[in-house]
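The values are calculated or read from the model by the stated rules, or taken from the named source; none is laboratory data. All figures in this text were calculated on a predicted structure; none of them were measured in a lab. Methodologically, a virtual Cβ is constructed for each residue, glycine included, from the backbone with ideal geometry; neighbour enumeration extends over all protein chains shown.
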Number of protein chains: 2
Amino acid sequence: MSVAADKPSHGALVLIPTRLGEAPWPDFLPASVQNRAAGIRHFVVENARAARANLKQMGFPGLLRETDIRELPAEGSDDALDGLLAPALAGEDVGLMSDAGCPAVADPGARLVARAHVLGIRVVPQVGPSSILLGLMGSGLNGQNFAFHGYLPSAAESRDRRLRTLEEESHKQCRTQIFIETPYRNEHLFSALLRVCRPATRLTVARALTTSDEYLRTLTIGEWRQTPPPALSKYPALFLMLA
Amino acid sequence: MSVAADKPSHGALVLIPTRLGEAPWPDFLPASVQNRAAGIRHFVVENARAARANLKQMGFPGLLRETDIRELPAEGSDDALDGLLAPALAGEDVGLMSDAGCPAVADPGARLVARAHVLGIRVVPQVGPSSILLGLMGSGLNGQNFAFHGYLPSAAESRDRRLRTLEEESHKQCRTQIFIETPYRNEHLFSALLRVCRPATRLTVARALTTSDEYLRTLTIGEWRQTPPPALSKYPALFLMLA
């Protein structure tokens, strides 16, 4: 295929992070990002309702009912994605937002970004909150070598096997292993970690970062076993391990 | 050991991201982070001179010569780190900053953060720019499964072997592999990627993100081979691969 250079006449695909919890936008977004988002009239989003709430909360100056807000298709063909990017080809910026945090990182959006690169549309990621990055910074674990694994298997046996593999690999490679769980299963995963992992392994629990329920703590598995467990079942949480 | 709960009488260790390039702070920091940093009188930093420049650029209201700015020791004992955290134990916040980007992620600081957890000092990561996160968002590669490997070996043979291993692992696990190089070796690494990797493998080059020299592009290795190479030798750059 021929490779198009970035067309200056194109609009850009602007990747706009959103709040992780209830907070005024100056708490989590640089003013330049709010300002950039305020000038956009075409959005591609994870969920239209959440996007409208996020834009409203960010002080979006446009009329939301006149703003072009389209949802990412779950299984979009290239043609469908190209349709979403059509405004950029016509010279106008398209904003990409997920419901919370950074689009395309542990969140939908990567296929649209990939498609923008194929079409030669400039991609402009903006600064904002990511629980993965905040959790890793705050963990004190190895930030020179780390891996994010998304969700672990939900069946207990496969999950426990996976935890052992991750711990072993972490120990051999001095790698921080990062993973998430759906809120109602967080406490099961936490218990499994305490049961399965070695006493000297360090475990960080990062809950509801950037909100008033923020909790961020690193202890060894041995210490966690002697510590009252944090409430996790109603909050987004991130787990980080270094063996 | 006994595990101290977070002491409300303690100050916190506040992790403060800094600019990736020349830019006014509202371009890369939320107002709340600038405000939080402005209230801190004790800083632990990668380099004191860079820290003073960064604080000045962030509109720090205190007198820099009266502000307690100490450098992270290269090989600090626990005692040395505890000394740096003493103001937090005495009730005052301590700010941790690296020269550019997020402390403790591909940057020094993790040992100090780890020590804060051991001492029961609350750790509060702040939102700001990270080239790793921005590059991953903007790559269009897999954001559900990714690993950061830091620097690859510098010797050509070991580096090429490592690239093959990373590509193979990426293909098997559908994992985005992320790595960096020192600026003057960026173009060597880029050439090695084009020589060693398979034509269908996607490679993202993310250069000087958030600055006026920003360049962010994803192409297959086959396409990169037919494309004029970007200038990389004088810029920080991040490479991301998905096979």
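Here is how the numbers come out for the structure above:
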quantity	calculated
Any chance residue B:42 is farther than 18 Å from residue B:130 by Cα and either of a type in the set (Gly, Ala, Ser) or in contact with a Leu (Cβ under 8 Å, 6 or more places away or on another chain) (or both)	no
Residue count for segment A:135-154, restricted to those that are surrounded by 21 or more Cβ atoms within 10 Å (Cβ to Cβ) and over 13 Å from residue A:240 (Cα atoms)	0
Within segment A:25-97, strands (runs of 3 or more DSSP E) holding 2 or more residues that are modelled with pLDDT of 95 or more and more than 27 Å from residue B:28 (Cα to Cα)	A:68-71
Unique residue being surrounded by fewer than 24 Cβ atoms within 10 Å (Cβ to Cβ), outside any loop (DSSP other than H, G, I, E, B), in contact (Cβ under 8 Å) with a residue 24 or more places away in the chain and assigned by TED's automatic domain parsing to the domain that holds residue A:204 when the list is A:167, A:157	A:167
Positions within segment B:90-112 being among the small types (Gly, Ala, Ser) and out of contact with any Phe, Trp or Tyr (no Cβ under 8 Å at 6 or more places or on another chain), in sequence order	B:90, B:91, B:98, B:100, B:101, B:104, B:109, B:110
Contacts under 6 angstrom Cβ, first residue in segment B:127-147 being facing chain A (nearest Cβ under 7 Å), partner hydroxyl-bearing (Ser, Thr, Tyr) and in a loop (DSSP other than H, G, I, E, B), 6 or more apart	B:129/B:210; B:133/A:130
Residue match in segment A:75-85 (condition: over 22 Å from residue A:198 (Cα atoms) and touching a residue at least 60 places away in the same chain (Cβ under 8 Å))	yes
Segment A:46-70: number of residues that are buried (at least 17 other Cβ atoms within 10 Å of the Cβ) and charged (D, E, K, R)	2
Boolean, residue B:201 is farther than 19 Å from residue A:145 by Cβ, within 14 Å of chain A (Cβ to nearest Cβ), touching a Gly at 6+ places or on another chain (Cβ under 6 Å) and of a type in the set (Ser, Thr, Tyr)	no
The lone exception for residue B:112 - which of (1) in a helix (DSSP H, G or I); (2) assigned by TED's automatic domain parsing to the domain that holds residue B:172; (3) under 24 Å from residue B:16 (Cα atoms) it fails	(2)
Those residues of segment A:225-243 which are in contact with a strand residue (DSSP E or B) (Cβ under 6 Å, 6 or more places away or on another chain) and within 13 Å of chain B (Cβ to nearest Cβ), in sequence order	A:230, A:238, A:240, A:242
Residue match in segment B:87-99 (condition: facing chain A (nearest Cβ under 7 Å) and in contact (Cβ under 8 Å) with a residue 40 or more places away in the chain)	no
Residue within segment A:105-116 that is more than 14 Å from the chain's Cα centre (by Cα), within 7 Å of chain B (Cβ to nearest Cβ) and surrounded by fewer than 23 Cβ atoms within 10 Å (Cβ to Cβ) present	yes
Residue count for segment A:151-167, restricted to those that are within 10 Å of residue A:189 (Cα to Cα), over 22 Å from the mean Cα position of the chain (by Cα) and of a type in the set (Gly, Ala, Ser)	1
Residues satisfying the stated conditions in segment A:19-44, i.e. within 12 Å of another protein chain (Cβ to nearest Cβ), under 18 Å from the mean Cα position of the chain (by Cα) and within 26 Å of residue A:86 (Cβ to Cβ)	A:33
Single residue of B:232, B:193 found to be buried (at least 16 other Cβ atoms within 10 Å of the Cβ), modelled with pLDDT of 95 or more and assigned to a loop (DSSP other than H, G, I, E, B)	B:232
Hits in segment A:139-154 - residues which are in a strand (DSSP E or B) and aliphatic (A, V, I, L, M)	A:147
